[in-house]
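The values are calculated or read from the model by the stated rules, or taken from the named source; none is laboratory data. Note that the structure is predicted; figures quoted are calculated from it, not measured. Positions of Cβ are generated from backbone atoms using ideal geometry, with glycine treated the same way; all protein chains shown enter the neighbour counts. Side chains included, ligands, DNA and RNA excluded: accessible areas come from the protein's heavy atoms. Shrake-Rupley method; radii C 1.70, N 1.55, O 1.52, S 1.80 Å.
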Number of protein chains: 2
Amino acid sequence: MTLFGGIEAGGTKFICAIGNGPNELVAQTRFPTTTPEETLSQAAEFFIRFMEKSHTQLASIGIASFGPLDLIPGSPTYGYITSTPKPGWANVAIRDVLQARTGCPVVIDTDVNGAALGEGKWGAAQGLSDYVYLTIGTGIGGGLIVQNRPFHGMLHPEMGHIRLPHDLQKDPFPGICPFHGDCFEGLANGPALQARTGQKAELLPPEHPIWELEAEYIALALQSIICVTSPQRIILGGGVMKQSHLFPRIRAMTRNLLNGYIQAKAILDEIDSYIVPPALGEMAGVLGAIALAQHI
Amino acid sequence: MTLFGGIEAGGTKFICAIGNGPNELVAQTRFPTTTPEETLSQAAEFFIRFMEKSHTQLASIGIASFGPLDLIPGSPTYGYITSTPKPGWANVAIRDVLQARTGCPVVIDTDVNGAALGEGKWGAAQGLSDYVYLTIGTGIGGGLIVQNRPFHGMLHPEMGHIRLPHDLQKDPFPGICPFHGDCFEGLANGPALQARTGQKAELLPPEHPIWELEAEYIALALQSIICVTSPQRIILGGGVMKQSHLFPRIRAMTRNLLNGYIQAKAILDEIDSYIVPPALGEMAGVLGAIALAQHI
């Protein structure tokens with residue numbers, strides 16, 4: 001059996017796995033993200049040890065990484081993490097380092113493109129060709145799949161940084177994006193919820209009034225994403241979306257905001273299956289990385 | 001020589017042409033958009049008369065039309081204009097009518113997808129595979145080209161209807177979109193400029209303060225479009241963009257808004273060739289329709 005490696009490279013933790021899909025994982029590990037040197041060594045060691053012990057060469061390794069990344073083919077910094085505010089991780093050649101250490105071909109894409117591919121192959125977007133995976137957690141990011149492939153364009157989408165209407169009377173919070181202040185991510189990521197309420201987002205009860213505001217920002221963002229890309233479905237993942245009471249609110253608000261303008265059955269009659277949670281749970285990221293590796 | 005027909009179906013006028021490209025047009029006509037019956041008859045007559053006189057069958061006819069359109073393959077209303085606010089034109093089977101009357105295969109797409117394809121083939125986006133054409137005039141709409149093909153997804157993009165920050169103190173105008181009030185189109189289309197100033201947008205002098213506001217809304221919209229689709233270039237066409245002083249303002253504001261977050265040379269160093277006017281001028285729409293016909 002041909003085996004693939006996958007790395008979910010997150011800002012908080014790394015998850016590494018080896019296998020072929022959700023029911024065919026033969027090894028996995030996870031560890032906190034510290035310095036690039038330490039963290040990338042741990043990841044490389046995991047794959048090297050597996051290959052030595054099993055006398056098996058991995059066909060390829062996929063990395064689904066936090067970013068922004070340089071994904072411009074031919075760029076001298078291709079496969080680098082670029083302008084991240086995460087200390088120590090700006091300008092790190094994550095792909096080159098792992099390819100050199102493991103001796104395997106390594107392919108890299110954004111964490112959200114990885115998760116999006118994985119959900120298309122084994123999860124909530126099976127059978128669709130054009131869809132969006134949006135993660136709302138510590139960061140906010142979106143992957144756009146077009147004709148079953150992650151779309152890159154000039155670089156790759158950065159959907160967390162779109163601009164939204166911000167009613168300062170209703171919500172005087174200035175936003176916390178270090179680049180844009182009150183962009184979508186600056187208003188609606190987990191740390192923005194915590195800054196307003198003094199509590200971690202996952203600990204806030206469903207009846208807390210912040211959730212109505214949060215659902216509204218997400219719905220406003222979805223209106224823009226729907227109007228720009230017209231996806232066949234939108235998957236909402238990430239830590240904040242574990243608050244599952246958000247889904248009915250977001251669906252109703254998105255439909256109200258669009259106000260019948262987009263004449264599509266998916267929105268007018270079937271919004272419960274148009275805006276959906278991921279199906280791959282905790283393993284979405286690393287399975288997405290394996291899906292990337294299989295696409296080389 | 002194989003000949004193709006093209007129709008730019010606009011809310012104000014129809015332009016029809018026959019040929020193969022900008023320097024190979026053998027016939028053209030234009031007339032105001034009145035009722036669907038009268039206007040579609042005039043268009044059909046133009047092609048029928050040409051074919052009879054020249055004893056030539058057109059290989060196909062492309063329509064680049066205002067919308068929204070039903071472009072879902074297999075839909076019973078495929079090729080219809082759907083929920084347009086334009087009186088008399090909602091639920092009009094524009095493609096079926098023209099195909100039946102002319103006896104030619106007819107392909108339809110949005111006016112902006114047509115213009116985008118034409119600009120890629122002969123104009124401002126030659127050599128690029130992934131880009132956006134945005135028109136800002138009576139309406140606002142955007143076409144997204146992915147791998148040289150118009151992207152549709154669920155339906156087709158409706159970029160004019162994204163939501164923007166709207167500072168009611170600075171600009172108390174409530175917006176004029178009948179569906180969304182102060183969406184991008186509701187704040188920044190030609191009629192919104194006229195409603196605020198009492199003058200047609202094309203007659204407003206470059207030093208009028210409304211242009212600073214207009215450039216800001218367009219730049220805010222471009223930030224969202226760039227963050228969602230990461231295009232290789234953005235072409236800004238339409239009546240409002242004939243005010244060419246807008247280009248330097250929009251470029252500077254877009255770069256300032258993005259604030260270095262998107263680490264791409266095109267934005268950081270080469271924004272003058274990243275946000276550009278169309279190259280095909282008045283004929284962009286109908287040439288785009290011919291490009292659509294050639295893509296059947």
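What the table shows:
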| quantity | calculated |
| --- | --- |
| Selection within segment B:67-82 - closer than 16 Å to residue B:106 by Cα and either touching a Ser or Thr at 6+ places or on another chain (Cβ under 9 Å) or touching a residue at least 12 places away in the same chain (Cβ under 8 Å) (or both) | B:69, B:70, B:71, B:72, B:77, B:78, B:79, B:80, B:81 |
| Test: residue in segment A:80-101 that is part of a strand (DSSP E or B), touching a helix residue (DSSP H, G or I) at 6+ places or on another chain (Cβ under 7 Å) and not β-branched (Val, Ile, Thr) | no |
| Segment B:238-293, subset polar (S, T, N, Q) and at pLDDT 95 or above, residue farthest from the chain's Cα centre (by Cα) | B:259 |
| So residue A:174, is it open to solvent by 10 Å² or more (accessible area, probe 1.4 Å), over 29 Å from residue A:130 (Cβ atoms) and within 18 Å of the chain's Cα centre (by Cα) | no |
| Residue pairs meeting the criteria (Cβ under 8 Å; at least 6 apart or on separate chains; first away from chain A (no Cβ under 11 Å), in segment B:251-271; second open to solvent by less than 20 Å² (accessible area, probe 1.4 Å) and part of a loop (DSSP other than H, G, I, E, B)) | B:251/B:274 |
| Test result for residue A:195, surrounded by fewer than 22 Cβ atoms within 10 Å (Cβ to Cβ), among the aliphatic types (A, V, I, L, M) and within 24 Å of residue A:151 (Cα to Cα) | no |
| Residue match in segment A:35-53 (condition: open to solvent by 20 Å² or more (accessible area, probe 1.4 Å), over 18 Å from residue A:95 (Cβ atoms) and polar (S, T, N, Q)) | no |
| Counted residues, segment B:1-34 - those being open to solvent by 10 Å² or more (accessible area, probe 1.4 Å), of a type in the set (Val, Ile, Thr) and in a strand (DSSP E or B) | 2 |
| Residue selected from segment B:62-89 under the condition over 20 Å from residue B:115 (Cα atoms) and more than 10 Å from chain A (Cβ to nearest Cβ), by the criterion surrounded by the most Cβ atoms within 10 Å (Cβ to Cβ) | B:89 |
| When residues of segment A:145-167 are limited to those that are under 28 Å from residue B:181 (Cα atoms) and more than 7 Å from chain B (Cβ to nearest Cβ), the one nearest to the chain's Cα centre (by Cα) | A:160 |
| Selection status of residue B:209, open to solvent by 50 Å² or more (accessible area, probe 1.4 Å), at pLDDT 95 or above and not small (Gly, Ala, Ser) | yes |
| Test: residue B:220 is closer than 28 Å to residue A:266 by Cβ, of a type in the set (A, V, I, L, M, F, W, C) and modelled with pLDDT of 95 or more | yes |
| Test set (1) touching a Lys or Arg at 6+ places or on another chain (Cβ under 7 Å); (2) in contact (Cβ under 8 Å) with a residue 40 or more places away in the chain - residue A:215 fails condition number | (2) |
| Those residues of segment B:231-249 which are under 26 Å from residue A:144 (Cα atoms) and either of a type outside the set (Gly, Ala, Ser) or surrounded by fewer than 20 Cβ atoms within 10 Å (Cβ to Cβ) (or both), in sequence order | B:231, B:232, B:233, B:234, B:235, B:236 |
| Subset of segment B:170-188 (residues that are modelled with pLDDT of 95 or more and of a type outside the set (A, V, I, L, M, F, W, C)) | B:170, B:171, B:172, B:174, B:175, B:180, B:181, B:182, B:185, B:186 |
| Residue ID - farthest from the other protein chains (Cβ to nearest Cβ), chosen from residues in segment A:181-240 that are of a type in the set (Gly, Ala, Ser) and assigned to a loop (DSSP other than H, G, I, E, B) | A:198 |
| Tally of residues being of a type in the set (Val, Ile, Thr) and not in a helix (DSSP H, G or I) across segment B:269-292 | 2 |
| Residues of segment A:130-150 that turn out to be part of a loop (DSSP other than H, G, I, E, B) and either free of Cβ contacts under 8 Å to residues at least 24 places away in the same chain or of a type in the set (Val, Ile, Thr) (or both), as a count | 2 |
| Scope segment A:251-289; condition open to solvent by less than 60 Å² (accessible area, probe 1.4 Å) and farther than 19 Å from residue A:236 by Cα; matching residues | A:260, A:261, A:262, A:264 |
